[in-house]
1. Please specify each residue of the range 130-147 satisfying the condition of being in contact with a helix residue (DSSP H, G or I) (Cβ under 8 Å, 6 or more places away or on another chain), in a loop (DSSP other than H, G, I, E, B), surrounded by 13 or more Cβ atoms within 10 Å (Cβ to Cβ) and on the phi < 0 side of the Ramachandran plot.
2. Go through the range 390-420 and give me each residue that's out of contact with any strand residue (DSSP E or B) (no Cβ under 7 Å at 6 or more places or on another chain) and more than 16 Å from residue 447 (Cβ to Cβ).
3. Would it be correct to say that residue 455 is part of a loop (DSSP other than H, G, I, E, B), within 32 Å of the chain's Cα centre (by Cα) and modelled with pLDDT of 80 or more?
4. Could you run through the range 403-415 and say how many residues are outside any strand (DSSP E or B) and either exposed (fewer than 14 other Cβ atoms within 10 Å of the Cβ) or at pLDDT 90 or above (or both)?
5. Looking at residue 138, is it farther than 28 Å from residue 8 by Cα and at pLDDT 80 or above?
6. Please state which one of 89, 118, 105, 127 is in contact with a helix residue (DSSP H, G or I) (Cβ under 9 Å, 6 or more places away or on another chain) and modelled with pLDDT of 80 or more.
7. Out of 372, 377, I need the residue that is assigned to a strand (DSSP E or B) and closer than 19 Å to residue 490 by Cβ. Which one?
8. Scan 377, 426 and give me the residue that is surrounded by fewer than 19 Cβ atoms within 10 Å (Cβ to Cβ) and in the same structural domain as residue 503 (by TED's automatic domain parsing).
């Protein structure tokens, strides 16, 4: 587990704070500003100065408040007041949360004396073993449970405390545990037995935990003698008196242990952290479920519309074509047959998008790296896409740099077909589409520029969301899956994509791929 001292945390927080401001200035975006400020605020938890969190929160709120003016100056886009207010409230809430966590940490700093007292006075037997299974530490309760004097267990194999008939099986289990360690709580459903120094066997409950130090695995065993419990289960009436005595002793023990409640806080802290992690996982699952429900709704709406339209076209064209039986009606029949072909091709594209998305969601897309000539590859793809071009449309290519590049050619081809198909679809007739290729030893950059309808600024952040389509694309066929699938392909290839667009002037999509290792 990574640990920060106060000085390191101060340096990291300052660096992240500075980098966030610089990146926010050169790359306008609320995600950079809000994420960087939140990270810097949370880092102040590890800074000793109590006012550091408040200072970081005030600075972050101030920057978040003036950032819309900087963003408007740089991009000319006016940022919504509601969104800016939300970021300020998020920073304020994060500051309060960090302050609260920091206060908790201050109260949870116990010295070694407290830890030693906790170990020495724990009612459970505690054994610490190293990789070879030898005992390196045992608390007084463990020595008492097994009938050994002080330090007699140190250096002895843990099999010393296990009946001889279980030695072979336990040795195999212990080796398996060291290979795949996992915490195990008490009451796992197994009947376990231990052996005392005098040779007598008795039932126990054992919980296991582990940690790694200097690349060496250590196992902690918490042992409880449950002889009395077992006897009570077998003959509860006869042991009623003993049970009452044990209850009285436990009450007395609880009274004595009240003064040591704070020492138990260390254990409670670990439990609290696990609970917070579980809560976080649950929140993530709930968020994913909400997202899935939304995607399902959007899918049903889109699919019902996109499939119904071509199916209606196929039905009506097939009905009309069947009425033209004379030879003189060949042109009319061909017109309706072409409509049927276009509708079938559109449905095929829809199914291909759904299948591609399904493979990506199931992680069934494999990567096959090959080296190929980029110029020849671009020529092949553009030549193939010319069949889809509108009348008068031209695809111009400009290439520079090296000829050869290594990546997954199939995924890159799917990416290029998607970009060129969109450029053709959203551009008018007689328009020019420019493809600019730059291939160097460090990266391959390909830009596709059209002079089409462009993309509204408010739609740009959502272009790569499943089933999302820009507001001005409502009358143009599409599923809203092409760009999300393209983005997932680029992620598999460790690539990136940037979009620059202006309404009624066109769009430029630029993909950048690193060479395959």
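The values are calculated or read from the model by the stated rules, or taken from the named source; none is laboratory data. Computed from a predicted structure; not experimentally measured. Virtual Cβ from ideal backbone geometry, glycine too; neighbours counted across all protein chains shown.
1. The answer is 139, and nothing else.
2. Selection gives 390, 391, 392, 410, 411, 413, 414.
3. Here the answer is yes, as residue 455 does meet what is asked.
4. 1
5. Yes.
6. Checking each option against the conditions leaves just 127.
7. After ruling out the rest, the residue left standing is 372.
8. Checking each option against the conditions leaves just 377.
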